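See structure below.
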Amino acid sequence: MFVHGGVAVLIVSVLLTLVTTWTRSNTRVWPGEVATNSLVNPIAFSVLDSVETDRRRTDAKQASPRFYVADATYLADLRAKLMGLPVAARAKVTVDEVGEELQARFGLTDTSLTLLQKYQTPDGVTPTWRESVDEFIVALWNFEPLLETLEFQRFSTTPTRRVLPPPTIETTNPKPADPQPGTDSALAATGDASAPEAAVPVADRTTATTVDRAIELVPDEMTSTVRKNLIKLARYSGFPRDAAEIVVAAIINRPGPTVLFDPASTSLAADEAAGRIADVFTEHAAGELIYARGDVLDTATIELASLVLANAIEAGGFQGTWSRVAGWLFLAFVVTVLLTGHGVTFYSRIARSTTRLVVVLLMLVGTTALASFFAVAFPRLASFGAALAISILAITLTLAYDRRIAIFAGLLGAVCITIAVGASTAYAIALLAVSSTLAFQLEEIPNRGAFVRASVVSGGVAALVLLAQGLTTIPLETVGAFTQAIVRAAFGCAGTLFAGFLMLGIMPSIEKLFDITTGLTLAELRDTRQPLLRELQSRAPGTYNHSLAVASIAENASEAIGADSRLVYVGGLYHDVGKLNKPEYFIENQGGGGNKHNKLSPAMSLLVIIGHVKDGLELAQEYGLPKSLWHFIESHHGTSLVEYFFHAAKEKAADEGGEVDEFEFRYPGPKPRTREAAILLLCDGIESATRAMGDPTPSRIESLVRRMCRRRLDDGQLDESNLTFRELRVIEDSIIKSLCAIYHSRIAYPGGREERDNREESEVLASVGTGN
């Protein structure tokens, strides 16, 4: 036990230290909180300003060029048509000789037809026309491109626009290959011979040209503006006024953008621009005030406080970090040793069971961990979590043991929580007040209403003490500080109430975990409408009435010495349930009829009598009675002698010349191991004997009680019960008082006193010896 307990203490100390270390490594404030203390940066550090860095990189992306690429397909087609136009006009006298398609595309007239014939040569077109066409094509993407309305708006709102050149457009005019005059085939034959798919790849971004303006392809009603701008561009490219009209008509009649948006190049350029922006760092000097007491904290301040805390931990290095951890470990060890020593010294159940000790210690860890979790994850609800944790600890230990260990553990739990969350001494006092209030009220829980009442009262205490704690720590001069104190107190009250209702719901699990029976369960079990008691009342009414009397007498005796009277009473109700299997073999159920044992040998009668103990345990398990009641059933006779059948067997053996071993006629036990079970053993036998008395006067009752208690003591039945002689005397007095109140003097039997006394002695012996 010592070794196992020592290991448990060390492990729990480490767990408490881990909880404290984790909690202290995180900030425990929330946006809108009024700071109760100031935070000063202990060590200079720089931190990445992600917001400013992102802003600058976003600006760089927005300032990066928007890339376009010349539409090689459209431009090549347009160039081919323009290069073939003079050839198509060769040898034409009137415009009617030109195909309708050409007329529609270029808006040709007889005058324009004559003009075009000036730019033809036997081999194709004149150099002037070729140069003008090439200049015009280049200008359409390099100088003033054509754009659709939506893209034109984007173009206009972008600071920098750059256009990538198209694939190389062939400017050498090949000799026409027998064109058919007046058709588009003539234009195609004199135009660019290379298809767009066969063009060379787009040049890299270093070859892009910056473009300052563009021409918007507006709806039809505004084509005059587009025409005007295009004519200017054509004139700029070297076309005379008349020729410019013809060239522009080719675009007006079949409009299309001359450049296309290049998302890949634009995105790549934006990423490169953002990548050239270096990270922006904010410097925080040592001694810088992060926030002052009374400040209302915002998200940015809390994030900065987290960085200060993390940097301080990191800068502390191995020595600084482990020195703090060592300090917390020592404090945790002291707290754990104190709780262990208290439990082992004053509670034999803990001293005998390492498991119970470990459970109690782990409850301390769980209490600290739960409060710490709320402080870190939900700092606004920190008081709720702390009140919830300390209340669960107090309720559980009060129910499992008593208020003394609950108060002591509550004190240590309050200390652990305060250390973990870095709170003030007033916070620990507030938590101790909550746990102590619960412990004092929950020592006796006769019903669920009492449990709820205790939770409500404790919740009120939690609200008051946490409000007082808040008023002493929160700077009330700050707007909203008083409201914060009230809200914190309200959350503490809610945590206590929630703990009460939670524990009320999981009470059966607590009882199984600690092998206890609470007052709530006992209150339910003493209800005579319980199935097992109804069965006993129906099938064994004599035993039922005997059980009621024993329970009442034992309850009074328990109260007299400060034992658990509720448990004794319920134990008295159920101690003889084993007689249900053969009720007619027990004298109190025979109702004046024949005695079943007259037809049995003493040995067989003995088996029936002592069998009711084993049968009682089986029924207790079948009906789900708590284990705490099993001991009353198995020990209410201890290892006492079944005297009546022992003497009967002894007389029979004497007649037959044999001997009987007294050990064979004793109950199998065990002997009572608690004061409550010992009280029940005494009351069971004494009540049966008193009931058998013909004239139970007070003096005779007192004599009987003293004599039977002495016999049980001398027989060793009380050796394991921890009863003292003083307590035994008090029990005797209480039993005498109860019996005198139950039984009254009766009319004397006819005949002499000696005859009456002998008859009564025989009845008493029969009653006690037959297992009542």
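All of the numbers you see were taken from the coordinates with simple rules; none came from a lab. Predicted model only: the values in this text are computed from it and were never measured. Positions of Cβ are generated from backbone atoms using ideal geometry, with glycine treated the same way; all protein chains shown enter the neighbour counts.
In deg cm²/dmol, rounded to 500, what helix-only [θ] at 222 nm does the chain give when every DSSP H run of at least 4 residues adds -39500 (n - 2.57) and the total is split over its residues?
It comes out at -21000 deg cm²/dmol, rounded to the nearest 500.
With the dipole of the range 1-138 worked out from charges on the C-beta (+1 for Lys and Arg, -1 for Asp and Glu) around the Cα centre, which of VAL19, PHE67, GLY84 lies farthest toward the positive end?
Final value for the positive-end residue is VAL19.
In whole percent, what relative contact order does the chain give with Cα contacts below 8 Å and a gap of six or more residues?
13
Report, please, the projected area of the range 291-441 averaged over directions, based on the convex hull of its C-alpha atoms, in nm².
10.2
Report the gain in length on full extension from SER538 to SER25: 0.36 nm times residue separation, minus Cα-Cα distance, nm rounded to one decimal.
Separation in residues times 0.36 nm, less the Cα-Cα distance, equals 178.0 nm.
Each label point is 7 Å from the Cα along the Cα-to-Cβ direction; what then is the distance between the points at ASP733 and SER38, in nm?
Distance between label points: 6.8 nm.
With 10 angstrom as the radius, rank HIS597, HIS4 by how many other C-beta atoms surround their C-beta, starting from the fewest.
The most exposed by this proxy come first: HIS4, HIS597.
Tell me the label-point distance for the pair LYS118, ILE506, using the 7 Å Cα-to-Cβ offset, in nm and rounded to one decimal.
Placing both labels 7 Å along Cα→Cβ, they lie 10.2 nm apart.
Ranked by Cβ crowding within 10 angstrom, fewest neighbours first, how are TRP328, TRP141, TRP322 ordered?
TRP322, TRP328, TRP141
About its Cα centre, how strong a charge dipole does the range 521-769 have in debye, to the nearest 20, once Lys and Arg get +1 and Asp and Glu get -1 at the Cβ?
Magnitude of the dipole: close to 520 debye.
Each residue of the range 531-542 in order: what ³J(HN,Hα) in whole Hz does its phi give by Karplus 6.51 cos²θ - 1.76 cosθ + 1.60, θ = phi - 60°, with x for Gly and Pro?
x, 5, 5, 5, 5, 5, 5, 7, 9, 9, x, x
Using a cut-off of 10 Å between beta-carbons, work out the net charge of the residues near ASP715 (Lys and Arg +1, Asp and Glu -1, ASP715 not included).
Residues close to ASP715 contribute a combined charge of +3.
Kirkwood Rh, the range 432-477, all Cα pairs: how many Å?
Computed over the range 432-477, the radius equals 11.6 Å.
Just the Kirkwood number for the chain, please: inverse of mean 1/r across all distinct Cα pairs, in Å, one decimal.
36.5
Using the Cα gyration tensor of the range 1-83, with a ≥ b ≥ c the square roots of its eigenvalues, what is the shape: rounded (a/c below 1.5), prolate (a/b larger than b/c) or oblate (neither)?
Since a/c reaches 1.5 and a/b is larger than b/c, the shape of the range 1-83 is classed as prolate.
With everything on Cα atoms, drop me the angle between helix 675-691 and the longest principal axis of the chain, reported from 0 to 90° to the nearest 10.
40
Between the range 618-667 and the range 438-459, how many Å separate their Cα centres?
Their Cα centres are 42 Å away from one another.
Near GLU662, within a Cβ-to-Cβ distance under 12 Å, what is the net charge of the other residues, with Lys and Arg +1 and Asp and Glu -1?
With Lys, Arg at +1 and Asp, Glu at -1, the net is -3.
Just going by the charge dipole of the chain, with Lys and Arg at +1 and Asp and Glu at -1 on Cβ, which of PRO122, GLN484, LEU641 is farthest out on the positive end?
After comparing all options, I get LEU641.
Cα axis of helix 698-714 to longest principal axis of the chain: angle in degrees, 0 to 90, nearest 10?
With both axes taken from Cα atoms, the answer is about 70 degrees.
Given a Förster distance of 30 angstrom, what is the FRET efficiency for THR425 paired with ASP49, based on the Cβ-Cβ distance and rounded to 0.05?
The value I calculate is 0.15.
Could you pull out which residues in the range 49-75 have an amide N less than 14 Å from a spot 7 Å beyond the Cα of ALA300, following the Cα-Cβ vector?
49-53, 55
Return VAL577, VAL51 ranked ascending by Cβ neighbour count within 10 Å, so the fewest neighbours appear first.
VAL51, VAL577
So how much slack lies between THR206 and ALA741, counting 0.36 nm per residue of separation and subtracting their Cα-Cα distance, in nm?
Full-extension gain reported as 181.0 nm.
Mean separation of Cα pairs under 8 Å and 6+ residues apart, divided by the residue count of the range 369-502: what relative contact order is that in percent?
It rounds to 30 percent for the range 369-502.
What dipole magnitude, in Debye to the nearest 20, does the chain give about its Cα centre under +1 on Lys/Arg Cβ and -1 on Asp/Glu Cβ?
1620
What is the sum of charges, Lys and Arg at +1 and Asp and Glu at -1, for the other residues whose Cβ falls under 14 Å from the Cβ of LYS232?
The answer is +2.
Could you work out the relative contact order of the range 527-603? I mean the mean sequence separation of Cα pairs under 8 Å and 6+ apart, divided by the number of residues, in percent.
31
Quick check on the chain: of the DSSP beta bridges with both residues there, what percent are antiparallel, nearest 5%?
Rounded to the nearest five, the antiparallel share is 70 percent.
Is the range 353-399 rounded, prolate or oblate when judged by the Cα gyration tensor, a ≥ b ≥ c being the square roots of its eigenvalues, rounded requiring a/c under 1.5 and prolate requiring a/b larger than b/c?
Oblate.
Report the calculated FRET efficiency for GLU618 and LEU338 (r = Cβ-Cβ distance, R0 = 51 Å), to the nearest 0.05.
0.70
List the lysines whose Cα sits under 16 Å from the Cα of LYS512, skipping any in the same chain fewer than 8 residues away.
Correct list for LYS512: LYS627.
Using a Förster distance of 30 Å, how high is the FRET efficiency between THR345 and ARG711, based on the Cβ-Cβ distance and rounded to 0.05?
0.25
Taking 4 °C and 1.567 mPa s as the conditions, I'd like the Stokes-Einstein D for the range 521-769 in µm²/s, using the Kirkwood hydrodynamic radius from alpha carbon pairs.
In µm²/s, the coefficient rounds to 70.
Tell me, in nm to one decimal, what length is gained between ALA312 and ALA523 on full extension, where the rule is 0.36 nm per residue of separation less the Cα-Cα distance?
My answer for the length gained is 70.2 nm.
Quick check: from the Cα gyration tensor, does the range 390-488 come out rounded (a/c under 1.5), prolate or oblate?
Taking the square roots of the gyration eigenvalues as a ≥ b ≥ c, the range 390-488 is oblate.
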